[in-house]
Amino acid sequence: MRDIEPRESATLEYVRQKFIETSNLFGFQFMEPSPIELVSVIETKSGPSIKNEIYYFKDKGDREIALRFDFTIGLTRYAVSQKSMRLPAKFSTFGGVWRYDEPQKGRYRFFHQWDIEIYGEPNTESDAEIIDFTSKFFSNLKLQNITIEICDRTLVESYVKNIFKTESPEVIGDILRAVDKIQKKRKQEIIKEYQEKGYSESDLEKILEFSQIKGTPQEIEKQIDTTTLKNWDKILQLFESLKNRGVENVRANFGIVRGLDYYSGIVFEIFDSSSDLGALVGGGRYDMLTRAFGRDDMGATGAAGGVERIMHSLEKQGIVNLSNKEHVWVAFVNDDMKKIAINTASALRLKGIPVEVDLAGKSLRKQMDLASDSRYVVIIAPKEYAEKSVVIRNMTDGSEKQVKLDVLLSDPKSNLQF
């Protein structure tokens with residue numbers, strides 16, 4: 001666990017505000033599911049082995065509960081319980097989650113996620129809406145080098161069934177996990193690991209080679225016979241919808257299967273190609289989870305993003321929270337002007353202007369040093385104040401102008417050009 005220091009907290013809030021803005025643009029209803037869940041509910045989604053990855057304990061009522069490790073489980077639990085809810089229903093959330101993981105760069109035991117989900121009748125446009133949201137969210141953050149990689153879980157499953165001549169859910173799940181590892185491990189390591197489990201090397205070679213296929217649908221159709229691939233038509237429909245929405249930087253990637261067993265259709269991951277931290281976002285269709293909760297009439301599709309990873313990309317690309325630049329300092333030349341400066345700061349705050357003022361009576365020079373990251377400094381000086389005026393210094397270009405104090409306070413946004 002770690003403390004989140006002011007600079008990181010400011011960037012975190014910047015990402016949160018951009019997420020909420022985008023959520024509102026798409027009509028998602030913002031909410032926050034409970035921070036704790038029954039372990040039995042979490043196991044519905046991820047199986048008994050999930051206990052190795054979460055914080056769980058017994059409460060005073062001897063109930064086995066856990067800290068939330070993602071938002072999908074809570075939002076889905078909520079959605080399936082709303083029997084009279086109008087569909088499709090769109091929910092979004094943003095907050096902290098806990099995982100009992102080995103801490104490393106970009107991976108913490110307490111971290112933040114954003115999450116969006118659409119519940120309703122399964123259709124391609126809902127999947128496209130989720131991907132479109134994510135693309136526009138990253139555009140709002142001004143992130144560059146973003147690539148969207150799409151696949152269909154059923155497509156890969158059908159290929160696995162054909163190669164391994166099996167219908168066994170255990171075998172299919174095992175091989176899909178092998179495919180999911182190809183982005184993190186060397187091919188020979190995976191083959192050796194799965195040979196020890198009794199799988200054929202030649203069959204493993206075929207599926208891992210298949211998982212390397214990527215490109216636009218047109219490029220892939222030149223490489224292989226796609227007419228034999230189940231759900232290839234759904235990939236084409238999704239690409240057509242994304243094209244219509246103006247979403248670019250999209251390619252099919254048969255190595256994207258997502259590690260969780262409840263995915264049932266379209267899956268995708270989004271990367272910053274200049275980062276080494278892995279996927280920034282993962283998501284897809286998971287109709288099997290709503291069925292597991294007892295709602296056969298409701299499908300679901302969604303996505304979740306790791307906020308700390310996104311913050312790392314923002315830092316690396318030089319895009320940081322510039323909110324300090326929106327701040328104004330009110331500085332005073334001497335102690336006689338201090339009371340007036342504090343009064344002026346309070347008046348500006350009432351007008352919605354973020355303002356700082358020195359509380360300790362430092363010299364003007366030291367105040368100006370403190371204000372160096374601000375956009376403007378309003379200087380209260382005896383000579384100008386005698387004329388009921390103040391000096392406004394633009395800290396970007398160093399220019400100054402004299403303004404009547406009542407004019408500044410009556411319309412500060414125009415005078416400070418906010």
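The values are calculated or read from the model by the stated rules, or taken from the named source; none is laboratory data. Predicted, not measured: the structure shown is a model, and the values here were computed from it. Cβ sites come from the backbone with ideal geometry, for glycine too, and all protein chains shown count toward neighbours.
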Residues being among the basic types (Lys, Arg) and in contact with a Gly (Cβ under 8 Å, 6 or more places away or on another chain) - total across the stretch 97-125: 0
Selection count, the stretch 263-294, where residues are of a type in the set (Lys, Arg) and surrounded by fewer than 19 Cβ atoms within 10 Å (Cβ to Cβ): 1
Residue list for the stretch 218-252, filter: closer than 21 Å to ASN145 by Cα and at pLDDT below 95: GLU248, ASN249
Test: residue in the stretch 311-330 that is surrounded by 17 or more Cβ atoms within 10 Å (Cβ to Cβ) and on the phi > 0 side of the Ramachandran plot: no
Among (1) part of a loop (DSSP other than H, G, I, E, B); (2) buried (at least 17 other Cβ atoms within 10 Å of the Cβ), the one test that MET85 misses: (2)
Residues of the stretch 395-418 satisfying the condition of being within 20 Å of LYS383 (Cα to Cα) and of a type in the set (Ser, Thr, Tyr): SER399
Unique residue being over 24 Å from GLU315 (Cβ atoms), touching a residue at least 40 places away in the same chain (Cβ under 8 Å) and assigned by TED's automatic domain parsing to the domain that holds ARG309 when the list is PHE94, PHE57, PHE71, PHE111: PHE71
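When you go through ASN162, ASN253 one by one, which is the residue that is under 25 Å from ASP287 (Cα atoms), surrounded by fewer than 20 Cβ atoms within 10 Å (Cβ to Cβ), among the polar types (S, T, N, Q) and assigned by TED's automatic domain parsing to the domain that holds PRO48?
Values: ASN253 fails: surrounded by fewer than 20 Cβ atoms within 10 Å (Cβ to Cβ).
The unique qualifying residue is ASN162.
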Subset of the stretch 356-391 that is crowded, with 20+ Cβ neighbours inside 10 Å and among the hydrophobic types (A, V, I, L, M, F, W, C) - its residue that is nearest to the chain's Cα centre (by Cα): ALA371
Residues of the stretch 87-120 that turn out to be in contact with a helix residue (DSSP H, G or I) (Cβ under 8 Å, 6 or more places away or on another chain), within 16 Å of ALA66 (Cβ to Cβ) and of a type in the set (D, E, K, R), as a count: 2
Hey, ASP276 in the same structural domain as LEU141 (by TED's automatic domain parsing) and of a type in the set (Asp, Glu) or not: yes
